[in-house]
Structures are given as C-alpha cells and as structure tokens.
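A short write-up of the structure that comes next.
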C-alpha cells in the first residue's frame, strides 16, 4: 500500500502534471481562464488586500512642518497625519507610520517597507517614472526664504541664477528639483532637514532656503529680522498626491475615489485650512 | 636552498584552492544580493551609472558628480591628514614633556575626542566653532576630521616614541645632544618604523570618516552620491559605485604604505 503510494507520488503524479503542463503549453488555455487568473493574481497582490489582511495601513512619511511633525508630547501631528488616519479609519484599519529619510523614501516604497507614501509628496516626472501617484489632493508650490543681509533686493529670477548665489534646501525635495531647473548657475547645497537649511540662511551662509509652501513663509515669520520672502507668489506651482507602487490598479482606484469623496464633503479643504493658513496648532509644538 | 618539486607543486595547488574558495565566497555574496534585489522587484539600471562618473562631449572629458566628489574627498583627506600628523606629533611630544599642564591638556583632548561621536563633534565644530572663527564649511570639515584623527595619531606617536629603548636616550645625552636634536636624529627615525603601519590604518580611516562631512553639505563623494540617488532612485547601483571608489583609494593607499614600510625595514636592518 505504502509502496504503491510512494510510487504514485514519485512517478505518476509528476508525469501527469508534466503532461498537463505540456498540453496547456501546446494547445493553450481558454483566454478567459487566463484573464481570470491574471485578475485573481493582481487582486490578491494588491496593496488594498494586504492592508485588509494585515489590519494596518503602513504609511511612509518624513518630518515636514506642517505636513507631518511631532508635538510637545512626541506624537505625530500634521495635515498628512490627519489624512492617513482618516483614510485608515475609512478602510476599517489602523494607520502605522514609518518615518523614513526623504531622499530614500521612493526606494523604500519600492522595497515594500510601507504601503503608500502619504507625506506631502509633490508629483514630479522622475518620481512618477518609478512609482504611481493618485489624483492630487492639495495644491502647493515652491517658495524661497532669503537672507536680509545677503539677498536684499534679489527679487528677479536672474538675480538668483548666478554662480555666486548659494541656495539651500532639503535633499530629495521637489524644491531642490525646481532650484536645479530654474537656477542652474547657482550653487545648490542639500541638507537632511528643513531646520538645518533655515539655520544656514539665518547664519548668513546661504542666500536663500528653497522649500515647499508654507515652510519658507513660516521661517520668515519666525525670523523676521534676518529673513524675508523675495517673491510675492510661489515661484513654481505644484500638486501633492499619495504615491503607491506601480501595477496596482485596485489601490489607485480606491485611493482616487477616497480623495474624490473627501474633497466633495469638504473634509480635505477644512483640514488644509487648519494646517496651512493660520497657525492655530502653534502652541502644540516646542520652540 | 632549492625546494623539492613535489612541495612546490603542493604549495601551488593550495594557492589555487585558496583563490577558488575566495572567488566562490565573492560569487555567493553577489548571488545573495541579486536574489534579495530580485525579491523586492528592484529595477537595476547599471547602464545609467557611467554618466554620473564621467561623460565625453565632443571629445572633451567632463567629470561627473561622483568623480568631482571623489576629488573633493581626496583634497579634504590630504589636507586633514597633514594637519592630523602635526596635531598628533605635537600632542604626543607635549604629553611626554615634563610639563604637567601640557600632559593634562593632552589627556583631556584625547579622551574627549575618543569618547564622543564624530557626528556630534562635526556639529559642534560646524555650528558653534566655525561661525566664531569665520571658517568656511570645507575648512570646518577639515578641522573636525584633523581634530578627531589627531587624538588617535597622538596615541600612535606616543606608543612609537616610548617603544624606542631608553638606552638610545641615554646614548644621545652622553653625546651631549639637546632634547630636540635627540628627537630629531635618534628617537623619531627609529619610532617611525613602529608608527608607520598604524598610521597607514589611520589614513584609511580618515578617508572613510570624511564621508561624514556630507551632512554639512560639502560636495564630497558621499554627498554627491546621495544627491544622485535622490534624483535617480538608483540606490543599489550608486552606493555600490561609491563604495568601489572609496575602496580603490584606500587599497592604493595601503599598498603604497606597504611598499614604504618594506623599504624602511630594509634601510633599518
């Protein structure tokens, strides 16, 4: 009995399997069946399914005021923190934040460290070639906070596009990309966080700090004696969206429609007004 | 004395086996990496790497960001190494001098530097010392590296000097040489033999430690590498290339010092 079983297992089953595979290869399977298979695989491997199974939505982010930062108690607060928490709540799961260095956040997404980047990421072609973006849900731009001592009167693009001008910003941000495009002749130095770039300008080591609206504005409000804004309006207009891995139509569809609904009911607009316009949250942060 | 042919053959076979084992191990490492990258669906783009090293436009060679960064790293390391030797020698001599104040000063310096993180020292030099002294970021980086490695160099110099036998000092004094001349003609040349190998190691560490200046946005090799990665997302390719560039420089340095050591040994024997 065991012997026949063993014989079967060892020889007949693989042979039958091999024949079936050969048959499938030679004659092809019905296209509909193949399509169903592909759909099943795609659906099963979708980020949405994984999140439902796991019960947590893992969100890649980095500290940017006022998108995501820590309050006095050390808890994460900010616009994108609200967005991610609300999204998780609407999916019936819990949001888990994965702080990641901004210059490595797209590779970390591709490596599967988290399910989506929800962190005020502006859509850029370079990023979009590597990851997919949802519909944009907040309009932002790039702005400059300049040193009163070094950059007085530098209110044209030409004045900034000179070899002796130093611009600082955070590595991997769309502000740096914009600076490289608009001011190719200027020296652009990249740091790991906004605070350090702002300190460079306050200390007179750089002419200006380039970053996403409204951080440069906040910097000038905090340092009115040393900093000013040379341009009335953002020098580049941008749109922020969530980023997910490529080839996941289910995730894109779900997130896009979630964004649509939260735009229709005014929730996104209300949150944006709270975090970006007046700084009502100011007493929550140290310093 | 001639070797019996069988022994020579055995030795050759062993060497071939060693090389084979080494190649096998390297192959295993490479395979592991490819498998890991494949599992995360990593998109290799090695063909994109060369243009970040160098480009040729109309017959003219243009250095890419990585080579430009390497030059800055080399320049910075070379200047810092010279300063390190000066600081190290001065600290060692001060430590061995009769002055108690000098001795304590050096002990405080060495312990302070060796027992705090380099990154913290860099931030202190860059954000606190540099604005007071009016130092540019490049020189702030050089100063920080030299101060850090200088503490280790001081201990290496001290060990080398103390390794010279007391009899040599006594001989120098009998000849009526001053302390300075005794150091110059008798002690330091002999100490050099002991000092050189660990000093070469220090030079290699200095080049590697120089990567830390990327956080104050000096355009060194590491900083350029990080900037390229943030533009292109080629994490694996660029970091591996950067590591290979550092490796080339440090291996060349080690080989050079090895040759120098051999010559010194010949001269001293």
Alpha carbon centre of segment A:133-164 versus segment B:159-175: separation in Å? 65 Å
Restricting to segment A:141-237, what percent of DSSP beta bridges are antiparallel, rounded to 5? 55 percent
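Normalised by the number of residues in chain A, what is the relative contact order in percent for Cα pairs under 8 Å and 6+ residues apart? Show your work: numbers first, answer last.
Numbers: 449 pairs, mean separation 64.5, N = 287.
Dividing the mean separation by the residue count of chain A yields 22 percent.
Would you tell me the mean number of C-beta atoms belonging to other protein chains that fall within 10 Å of each C-beta in B:128-140, as a whole number? Intermediate results must be reported in sequence, preceding the final value.
On the way: counts 0, 0, 2, 3, 0, 0, 0, 0, 1, 3, 0, 0, 0.
Shielding by partners across B:128-140 averages 1.
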Can you give me the distance in nm between label points at residue B:244 and residue A:261, each placed 7 Å from the Cα along the Cα-to-Cβ direction? 5.0 nm
Quick one: B:205, A:147, fewest Cβ neighbours within 10 Å first, how do they rank? B:205, A:147
When a/c is below 1.5 the answer is rounded, else prolate if a/b is larger than b/c, else oblate, so apply that to chain B with a ≥ b ≥ c taken from the square roots of the Cα gyration tensor eigenvalues. oblate
Theoretical ellipticity at 222 nm over chain A - DSSP helices of four or more residues, -39500 (n - 2.57) apiece, nearest 500: -12500 deg cm²/dmol
Could you give the angle, 0 to 90 degrees to the nearest 10, between helix A:267-276's Cα long axis and the longest principal axis of the Cα atoms of chain A? 40 degrees
Arrange the following residues from fewest to most other Cβ atoms within 10 Å of their Cβ: B:213, B:242. B:242, B:213
Taking A:205, A:149 and counting other C-beta atoms within 10 Å, the order from fewest to most: A:149, A:205
Estimated [θ] at 222 nm from DSSP helical runs (n ≥ 4, -39500 (n - 2.57)) normalised by residues in chain B, nearest 500: -25500 deg cm²/dmol
DSSP bridge orientation in chain A - percent antiparallel, rounded to nearest 5: 55 percent
If I fit a long axis through the Cα atoms of helix B:100-114 and take the longest principal axis of the Cα atoms of chain B, what angle between them do I get, 0 to 90°, rounded to 10? 10 degrees
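Shielding of B:224-233 by partners, i.e. mean partner chain Cβ atoms within 10 Å per residue?
Values: counts 0, 0, 7, 8, 0, 6, 15, 7, 3, 13.
Taking the mean over all residues of the peptide, I get 6.
With a cut-off of 8 Å between alpha carbons and a minimum separation of six or more residues, what is the relative contact order of segment B:60-268 in percent? Don't skip to the end; give the middle numbers.
Values: 199 pairs, mean separation 61.1, N = 209.
Result for segment B:60-268 is 29 percent.
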Anisotropy class of chain A from Cα gyration tensor, a/c 1.5 cut: prolate
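Report the FRET efficiency, 1/(1 + (r/R0)^6), for residue B:24 and residue B:128, where r is their Cβ-Cβ distance and R0 is 41 Å, rounded to 0.05. Don't jump to the answer; show the numbers that get you there.
Numbers: r = 51 Å, r/R0 = 1.25.
Result of the calculation: an efficiency of 0.20.
Quick one: in segment A:141-237, what % of C-alpha pairs are over 24 Å apart? Each step should come with its number before you reach the end.
Details: 242 of 4656 pairs.
Result for the distance tail: 5 percent.
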In whole Å, what is the distance between the alpha-carbon centres of segment A:171-238 and segment A:45-118? 26 Å
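Can you give the Rg to Rh ratio of the protein assembly as shown, both from alpha-carbon atoms, with Rh computed by the Kirkwood formula? Please list the in-between numbers first.
Numbers: Rg = 31.1 Å, Rh = 28.7 Å.
My calculation puts Rg/Rh at 1.08.
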Calculate the spin-label point distance for residue B:115 paired with residue A:41, positioning each point 7 Å from the Cα along the beta-carbon direction, and give it in nanometres. 6.1 nm
At what distance in angstrom do the alpha carbon centres of segment B:203-269 and segment B:88-127 lie from each other? 25 Å
So what's the angle, to the nearest 10 degrees on a 0 to 90 scale, between helix A:13-27 and the longest Cα principal axis of chain A? 70 degrees
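The numbers here are math on the coordinates, done by the rules we state, and not lab data. In this text the structure is predicted, and so the values were computed from the model without any measurement. In this analysis, Cβ positions are derived from the backbone assuming ideal geometry, glycine residues included, and neighbour counts consider all displayed protein chains.
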